[in-house]
Amino acid sequence: MVYYVKKGKVPEQRHTYDDRSHIFKEELFGLKAFDGKYSLLYHKYDPAEIEKTSVEYREKLSSVDLVEHRHIKTGMLGKLNNFYTGRQTLFYNDSTSTGIIDTDTSPDTYFRNALCDEVFYVQSGKGSIESPFGTLKFRKGDFIYIPRGTTYRAVMDKRSFFFFTISSDHMDIPAHYMNKYGQIKEGMPYYTRDIEIPEFHESTESPGEYHIMVDYGSYYLNISRTYPVLDLEGYDGYLYPFTINIDKFAPIVGKLHMPPPVHTVFEADHFMIGAFLPRLFDFHERAIPIPYYHNNIDSDELIFYSSGNFMSRKGIGEKSITMHVHGIIHGPQPGVVENSLGETKTDEVAIMVESYKWLMPTEKAESVKDKNYMYSWKAGKD
């Protein structure tokens with residue numbers, strides 16, 4: 001759980017008014033009906049107002065039914081000029097999708113994901129997420145968290161590249177990072193003060209013509225309305241968009257190799273998102289700093305390679321994605337273990353999605369895969 005925030009004007013008590021001549025339109029913005037995290041939003045205008053709607057059906061994802069380790073060269077996919085419809089899904093299952101966005105365009109419409117939480121890792125670029133909560137600026141190295149149901153507009157200040165994870169599972173700060181009071185404990189990779197929240201602006205927009213694209217999975221519901229989207233006079237609560245930048249992280253290191261869960265950033269019921277960041281290696285005098293061989297018995301391991309020298313993998317570049325699948329052993333490639341001995345640190349930045357439900361590759365992923373990657377553990381192969 002992130003910390004309590006109170007911005008702008010709110011009544012003295014919830015579901016009351018302070019001035020009969022100026023009654024706020026109160027919205028409960030909450031998860032799990034009335035039992036989850038929530039914020040109370042105080043609108044100037046009626047938030048439920050709709051003038052007209054239309055439906056736009058989405059292209060159905062087509063998967064490749066072949067289980068193998070994959071190396072996907074996402075830099076070959078090119079730019080698509082829409083932060084919403086230009087999401088290039090590369091792997092997915094019935095609850096989660098991952099992929100990339102490469103765009104320099106700021107859509108005129110607003111967007112709302114009705115079904116899923118969204119997390120974007122900013123590989124490059126900068127801009128902002130404009131929502132009723134305010135302006136949330138993003139930059140290279142940010143994780144952007146947007147809870148489902150948030151109405152927002154993505155503004156690009158320059159061409160930006162994102163790695164995304166979108167899921168009907170609720171994504172949150174890992175439970176083991178929190179004490180019983182809901183505070184992030186000491187010794188975790190990041191702390192409460194590292195979380196950046198939107199800069200709040202009281203409502204200044206007037207009635208006119210506003211459009212919202214609502215994502216319902218298989219289709220978009222396009223809503224036209226007269227009242228402005230950015231109309232809050234205030235809000236308070238625990239549910240809102242935020243960013244955390246990897247520059248603020250303090251990776252956990254140990255005497256011997258630390259497994260991926262210590263690098264967790266977000267967790268969900270069926271997966272976790274982790275970040276491998278520049279850090280010192282293990283300090284045992286005979287430590288092997290490279291990860292061990294492992295068999296993903298019941299999970300798939302997807303890694304987006306952001307920057308640095310990826311010691312355990314040959315032939316990997318920035319924006320590459322590897323998928324190491326359930327049922328097939330993987331680990332360091334030939335010669336890597338021996339070459340790693342004596343190394344004291346790494347400069348890599350890589351984002352991992354460890355999925356406990358198997359992820360299927362899309363045809364788009366298949367179109368830019370390294371066809372020899374499955375055999376790169378054979379001596380002499382890259």
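Every read-out reported here was derived from the displayed coordinates using simple, explicitly stated rules and does not represent laboratory data. None of the values given here were measured: they were computed from a predicted structure. Ideal geometry is used to build each Cβ from the backbone, glycine not excepted, and the neighbour counts take in all protein chains shown.
Table for the structure above
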| read-out | value |
| --- | --- |
| Whole-Hz ³J(HN,Hα) from phi, Karplus 6.51 cos²θ - 1.76 cosθ + 1.60, for the stretch 323-338, glycine and proline x | 10, 10, 9, 4, x, 10, 5, 8, x, x, 7, x, x, 5, 4, 4 |
| Check: the stretch 188-307 dipole with +1 on Lys, Arg Cβ and -1 on Asp, Glu Cβ, in debye | 640 |
| Quarter of Cα convex hull surface for the chain, i.e. mean projection, nm² | 19.7 |
| Unsatisfied cross-links (Cα-Cα over 29 Å) in the set 37/79; 248/345; 32/319; 319/378; 7/137; 6/319 | 37/79; 32/319; 6/319 |
| Cα shape, the stretch 157-221, gyration tensor, a/c 1.5 rule | prolate |
| All-pairs alpha carbon distance profile, the stretch 73-148, 10 Å steps from 0, percent | 16, 54, 29, 2 |
| Residues listed by number, the stretch 192-208, amide nitrogen under 16 Å from residue 4 label point at 7 Å toward C-beta | none |
| Per-pair calculated FRET efficiency, R0 = 25 Å: residue 108 and residue 21 via Cβ, rounded to 0.05 | 0.10 |
| For the stretch 1-50, alpha-carbon Rg over 2.2 N^0.38 Å | 1.25 |
| HN-Hα J in Hz across the stretch 301-311 - Karplus 6.51, -1.76, 1.60, θ = phi - 60°, x for Gly and Pro | 10, 9, 10, 9, 8, 8, 6, x, 9, 8, 4 |
| Descending Cα extents along the principal axes, the stretch 59-197, whole Å | 45, 39, 26 |
| Ellipticity estimate at 222 nm from DSSP helix runs (n ≥ 4, -39,500 (n - 2.57)) divided over the chain, nearest 500 | -500 deg cm²/dmol |
| Convex hull of Cα atoms in the stretch 243-382, direction-averaged projection (nm²) | 9.0 |
| For the chain: relative contact order, % (alpha-carbon pairs under 8 angstrom, 6 or more apart) | 22 |
| For the stretch 186-193, 3J(HN,Hα) per residue [Karplus equation, 6.51 cos²θ - 1.76 cosθ + 1.60, θ = phi - 60°, Hz, x = Gly/Pro] | 5, x, 8, x, 9, 10, 4, 5 |
| Orientation-averaged projected area, Cα convex hull of the stretch 196-261 (nm²) | 8.5 |
